[in-house]
Amino acid sequence: MAVHKFGWGNYLLRLIGAVMLVFLTYNPEQISFYHWVRPAIADFDRFQALMALAGVVLLIGWAVYLRATMHSLGAFGTLLAVAFFSTLIWVLISYTPIPKDNLKVVVYLVLIGAAGVLSVGISWSHVRRRLTGQMDVDETDA
């Protein structure tokens, strides 16, 4: 079995994927799945097959990232990751000239924090293996 080294490039790809997933789902620029589908919720005649396809693709992405995050970090680890990124956002808002009263900037920070949690979650098994030499093994029915 070939073992591939996990490095910063691998993490960056996972981070980009998480950022795309989060920002395609919702973003403050109103160019997102949420903003595209919202009018069709009030008037179902406006709902299109392409909206359903995009929704299913996003749902698959969320399922992959959330399942990997929960599997590799567990509930407590995920809570710690959320706490870390939340505290990091708090520090940025408190100690940098980021405007606290600009809701759009705060939403961007929260969305980036969510992508950070997902990217750490999907990468953690690889990081733990490099740090400790231990591998995660999925259970299978025998």
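None of the figures in this text is laboratory data; all of them are computed from the coordinates on show. Predicted model only: the values in this text are computed from it and were never measured. Neighbour counts run over all protein chains shown; Cβ positions are idealised from the backbone, glycine included.
Brief remarks on what is shown
- Between residue 90 and residue 48, the contour length at 0.36 nm per residue exceeds the Cα-Cα span by 11.1 nm.
- Selection among 66, 76, 126 by position relative to the dipole of the chain gives 126 as farthest towards the positive end (Cβ unit charges, Cα centre).
- Ranked by how many other beta carbons lie within 10 Å on average, peptides 89-95, 115-121, 57-63 from highest: 115-121, 57-63, 89-95
- For the chain, the relative contact order works out to 35 percent when only alpha carbon pairs closer than 8 Å and six or more residues apart are counted.
- Centre separation in Å (Cα based) which lies between the range 1-51 and the range 79-126: 17 Å
- Across the range 51-67, rounded Karplus estimates of 3J(HN,Hα) from the backbone phi angles (6.51 cos²θ - 1.76 cosθ + 1.60, θ = phi - 60°) give 5, 5, 4, 4, x, 5, 4, 5, 4, 4, x, 4, 4, 5, 5, 5, 5 Hz, Gly and Pro being marked x.
- Backbone geometry of the range 79-91 corresponds, through the Karplus equation with coefficients 6.51, -1.76 and 1.60 at θ = phi - 60°, to 3J(HN,Hα) couplings of 4, 5, 5, 5, 4, 4, 5, 5, 5, 4, 4, 4, 4 Hz, x marking Gly and Pro.
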